[in-house]
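A quick write-up on the structure given underneath.
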Amino acid sequence: QVQVAESGGGLVQPGGSLRLSCAVSGSTINNYYMIWYRQAPGNQRELVAGVTSSGSTNYAGSVKGRFTISRDNAKNMVYLQMNSLLPEDTAVYYCNAEHTIYLTKYWGQGTQVTVSS
């Protein structure tokens with residue numbers, strides 16, 4: 001059974017930084033496309049950033065240049081470095097593992113990020 005667990009959320013002032021971590025157990029992430037999503041109250045869940053097993057990345061326009069996604073396949077970990085945070089980045093952030101062949105998705109429980117002074 002694949003399990004996904006996020007950590008690293010919290011309260012930060014505008015302009016600050018946070019680093020989210022995503023730990024995957026039960027399977028190697030080598031065969032998974034790893035994605036960070038977020039969902040703010042009243043909004044739909046949206047893709048923030050994704051990284052393929054080979055390291056290719058893509059970002060939502062709203063976070064490009066401020067957020068960096070990375071993965072460590074040896075440690076089964078994925079990270080989201082968030083800099084220059086804005087109040088509108090406030091949301092629950094979810095890590096998702098999507099199998100590259102079977103397209104099975106595994107979700108974590110989410111971690112709250114609040115950007116406020």
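The values are calculated or read from the model by the stated rules, or taken from the named source; none is laboratory data. Because the structure is a prediction, the values reported are computed rather than measured. Neighbour counts are summed over all protein chains in view; Cβ atoms, including those assigned to glycine, are modelled from backbone coordinates with ideal geometry. Remember, those area values only see protein heavy atoms, side chains included, never the ligands or the DNA or RNA. Shrake-Rupley method; radii C 1.70, N 1.55, O 1.52, S 1.80 Å.
If you check Tyr93 against the conditions, is it at pLDDT 95 or above, touching an Asp or Glu at 6+ places or on another chain (Cβ under 7 Å) and either open to solvent by 40 Å² or more (accessible area, probe 1.4 Å) or of a type in the set (Lys, Arg) (or both)?
Numbers: at pLDDT 95 or above: yes; touching an Asp or Glu at 6+ places or on another chain (Cβ under 7 Å): yes; either open to solvent by 40 Å² or more (accessible area, probe 1.4 Å) or of a type in the set (Lys, Arg) (or both): no.
Spelling it out, it is not the case that Tyr93 is at pLDDT 95 or above, touching an Asp or Glu at 6+ places or on another chain (Cβ under 7 Å) and either open to solvent by 40 Å² or more (accessible area, probe 1.4 Å) or of a type in the set (Lys, Arg) (or both).
Quick one: what pairs do we get from segment 13-32, first residue modelled with pLDDT of 95 or more and among the aliphatic types (A, V, I, L, M), second crowded, with 21+ Cβ neighbours inside 10 Å and not in a strand (DSSP E or B), C-beta under 8 Å, 6+ apart or different chains?
Leu18/Leu85
Can you confirm whether segment 34-55 contains a residue that is modelled with pLDDT under 95 and touching a helix residue (DSSP H, G or I) at 6+ places or on another chain (Cβ under 6 Å)?
Yes, that holds for at least one residue.
Can you tell which of Val63, Val113 is more than 18 Å from Ile29 (Cβ to Cβ), assigned to a loop (DSSP other than H, G, I, E, B) and open to solvent by less than 40 Å² (accessible area, probe 1.4 Å)? Don't jump to the end; show me each part of the working.
Values: Val113 fails: assigned to a loop (DSSP other than H, G, I, E, B).
After applying the criteria, what remains is Val63.
Taking Asp72 and the conditions (1) open to solvent by less than 20 Å² (accessible area, probe 1.4 Å); (2) free of Cβ contacts under 8 Å to residues at least 12 places away in the same chain, which numbered condition does it fall short on, given that it satisfies the others?
(1)
Sort out which residues of segment 8-50 are polar (S, T, N, Q), surrounded by 13 or more Cβ atoms within 10 Å (Cβ to Cβ) and in a strand (DSSP E or B), and write them in order of number.
Those that are polar (S, T, N, Q), surrounded by 13 or more Cβ atoms within 10 Å (Cβ to Cβ) and in a strand (DSSP E or B): Ser21, Gln39.
Is it true that Gln81 is assigned to a loop (DSSP other than H, G, I, E, B) and within 13 Å of the chain's Cα centre (by Cα)? Explain how you work it out, then say what you get.
Values: assigned to a loop (DSSP other than H, G, I, E, B): no; within 13 Å of the chain's Cα centre (by Cα): yes.
In short, no.
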